[in-house]
Structure formats: C-alpha cells, structure tokens
Amino acid sequence: MAVFEGTFAGNLSNVRMAIVIGRFNDLVTDKLISGCQDCLKRHGINIEPEHGQVDYIWVPGSYEIAMVARQLAFSGGYDAIICLGAIIRGQTPHFDYVAAEAAKGVAAASFQSGVPVIFGVLTVDTMQQALERAGIKSNLGWNYALNALEMASLMQQLNNRSVVSSSRSDLPPGNETIALPKVAGQNVVSNNEY
C-alpha cells in the first residue's frame, strides 16, 4: 500500500500559485497577504508579480472570491489557489450569508476542479479578532500559504501516479484498479454542467 503526503522539499520553481484577495476589510487582508508572501518566499517561491510564479487577483469582497477562484482553477494554469478575505460580524444576518456562501463556493471550486483552493477567509465577530489572526498574535496568511504548498505537492504526487493497481480483497468487484484523475489542463466539469 502506498502512502502519499505533501512535502515542502524539492524544486518549487515550476509551482504556480494564484492569490485571490477580497478588498473589503483590506486592513486585515493586507496583513494576510504579507504573511502569505513571507511563507511562499521562505519556501523558494518568487512572489514578485512580474515573475509570473504568483498571480494576485483582487475582488471587491469575500463573496466574490469563489467565482474567481473557480475560474482560475479551471484555467489549468495553477497548482494551488489561496483565497484571502475577512468577514466581520455586524448587527444583521448579512455576515451569515456571506460567510456561508464564501465557504461553500471555495470548497466547490476545489472539489469540481481538483485543484487545491485554500479557504483563507477569516470569519470573526470583531475587528480585534481579525487583527489578532492577521498579525497581532499570529498571521494565518502564513498557514494558508503552507497549506497551499503542501496540497500542491500532494496533488502532483497523485497526478503523477495515474493508475494505482491493487489486489486488495476489500474492494468491491470490478474495482481492482483505481484510476486517479489527471486534472491539470483538463476540465472535470464543463461550464454547461455547473
């Protein structure tokens, strides 16, 4: 039986990332970007936009992140996508709708495309809580970048192993061979099926 785990070692010069950032609450998201860039840079990723290894896409707010993340994931041009935003609870139920839809949309983009799409959207009750998670106590932007690197590495391993043969007796009949989908450059779901 094989064991697969993402690693942070090796040549990362071919890894392409996209970072989708919600502009709303930019006091917080600017700090998340800094933490994210710090992690990527320390792991050998060139974070300069003109280099082309990391693309930065700004959207109005966290609600719009998922649509753009899905488009990027299906483009076939990225090994991982990091979504950064901050949703801070107010006095109306608006927070609940935006937070739920942002989370569902990011998850759907990842599931549908097979590309790691990291949910780095803070959902907090107060600005103080957001700032604590974006740099005062720790910067979760670092963690989101680390998750993206690990998942990109893991998916590369799985995609490079296109067919897994198994003689396990616990598989249902007809499932002796399990094919892992290669998603780089392939659309798993067409636009008409979404």
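General observations
- P(r), alpha carbons of region 76-128 - 5 Å bins starting at zero, rounded %: 4, 20, 27, 19, 13, 9, 6, 2, 0
- Exposure proxy order (Cβ contacts within 10 Å, fewest to most) of MET1, MET155, MET17, MET127: MET1, MET127, MET155, MET17
- Contact order, relative form, for region 17-160: 32 percent (alpha carbon pairs under 8 Å, 6 or more residues apart, mean separation divided by residue count).
- Length, then width, then depth: along the principal axes, the Cα atoms of region 17-160 run 49, 30, 25 Å.
- Site pair ARG89 and ASN159 shows an inter-label distance of 3.9 nm when each label is modelled 7 Å from Cα along Cα→Cβ.
- q = 0.20, 0.22 Å⁻¹, region 1-69: log10 I(q)/I(0) [Debye, one scatterer per Cα]: -0.89, -0.99
- Taking LYS137, LYS31 and counting other C-beta atoms within 10 Å, the order from fewest to most: LYS137, LYS31
- Computed over the alpha-carbon pairs of region 35-110, the distance histogram in 5 Å steps reads 3, 14, 22, 21, 18, 13, 6, 3, 1 percent, short to long.
Quick note: the coordinates plus some simple rules give every number you see, no bench work behind them. Source: prediction; values computed, not measured. Using ideal geometry, Cβ is built from the backbone for each residue, glycine included, and neighbour counts are taken over all protein chains shown.
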